[in-house]
């Protein structure tokens, strides 16, 4: 069967399942199973698919019709210009989180702590951009830490990052000090979960999405404990939900942070709260 002949039925199936962009996703999954560059799909549509590739394509389309995220099916996500391995054990790195990386890179740093590292997309992007920096990355999930370690190795920064299983600061030695702490904690309120897309609600790890309650619990912990691990004039940056800027800014100020500010993402939504200690 020619590749082009496999697409129409796949697109119909994805459209019937409510996939937002069935044509794009069908083409990307076809390129993935066939090993084509995504910018050259049209040049390969007259190629023939062997039985193995056709079976892989059908499995991938079935998974996407079940609303499994594209990145989980392909096992990778492009973030800040680099490819990161992902799995159902980690939050899918999102473009808006690049706002946090850019805000962190706006000032010098040498030692960085990433709280709730997940795939490692944030901290490993920072290390890749700053060859003189070192980091500690923590997560409560052992499975997530394994993905992050694999990504560190793939990016060649494994010698500059230590991974530690920890519930926020709980397992950190008290003599560790950092000049930058970053975090993209779970922040979706419990009553907002039902409104999430199936790709997020059904497939991404709950612990990385919502802490329950009002969604602000992690920020309270971070604001209270981060000063113990920051050097003077150290910075604290965290991603937030678009409606949480005022509350999180208040936590930062209550924790003794100055120059508290809010950075917007490319869509103009409040996305990162920043602060400087003392």
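Summary of values
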| item | result |
| --- | --- |
| Test: residue in region 261-270 that is in a loop (DSSP other than H, G, I, E, B), within 26 Å of residue 87 (Cβ to Cβ) and either out of contact with any strand residue (DSSP E or B) (no Cβ under 8 Å at 6 or more places or on another chain) or modelled with pLDDT of 95 or more (or both) | yes |
| Residue within region 210-221 that is in a helix (DSSP H, G or I), surrounded by fewer than 19 Cβ atoms within 10 Å (Cβ to Cβ) and in contact with a strand residue (DSSP E or B) (Cβ under 8 Å, 6 or more places away or on another chain) present | no |
| Residues (surrounded by fewer than 19 Cβ atoms within 10 Å (Cβ to Cβ) and in a helix (DSSP H, G or I)) located in region 68-115 | 74, 95, 96, 102, 105 |
| Filtered residue count, region 169-199, keeping only those that are in contact (Cβ under 8 Å) with a residue 12 or more places away in the chain and either outside the structural domain of residue 239 (by TED's automatic domain parsing) or outside any loop (DSSP other than H, G, I, E, B) (or both) | 11 |
| Number of the condition not met by residue 138 [criteria: (1) under 18 Å from residue 187 (Cα atoms); (2) part of a loop (DSSP other than H, G, I, E, B)] | (2) |
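Residues are listed down the side, and each one gets a yes or a no for (1) at positive phi; (2) touching a residue at least 60 places away in the same chain (Cβ under 8 Å); (3) surrounded by 19 or more Cβ atoms within 10 Å (Cβ to Cβ); (4) in a helix (DSSP H, G or I):
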residue	(1), (2), (3), (4)
7	no, no, yes, yes
10	no, no, yes, yes
15	no, no, no, yes
19	no, no, yes, no
24	no, no, no, yes
27	no, no, yes, yes
42	no, no, no, yes
52	no, no, no, yes
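Each row is one residue, and each column tells you yes or no for (1) surrounded by fewer than 22 Cβ atoms within 10 Å (Cβ to Cβ); (2) in contact with a helix residue (DSSP H, G or I) (Cβ under 6 Å, 6 or more places away or on another chain); (3) closer than 21 Å to residue 179 by Cβ.
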{"residue": "124", "(1), (2), (3)": "no, yes, yes"}
{"residue": "128", "(1), (2), (3)": "yes, yes, yes"}
{"residue": "132", "(1), (2), (3)": "yes, no, yes"}
{"residue": "135", "(1), (2), (3)": "no, yes, yes"}
{"residue": "138", "(1), (2), (3)": "no, no, yes"}
{"residue": "142", "(1), (2), (3)": "yes, no, no"}
{"residue": "150", "(1), (2), (3)": "yes, no, no"}
{"residue": "160", "(1), (2), (3)": "yes, yes, yes"}
{"residue": "165", "(1), (2), (3)": "yes, yes, no"}
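The values are calculated or read from the model by the stated rules, or taken from the named source; none is laboratory data. In this text, all values refer to a predicted model and were calculated from it rather than measured experimentally. Neighbour counts run over all protein chains shown; Cβ positions are idealised from the backbone, glycine included.
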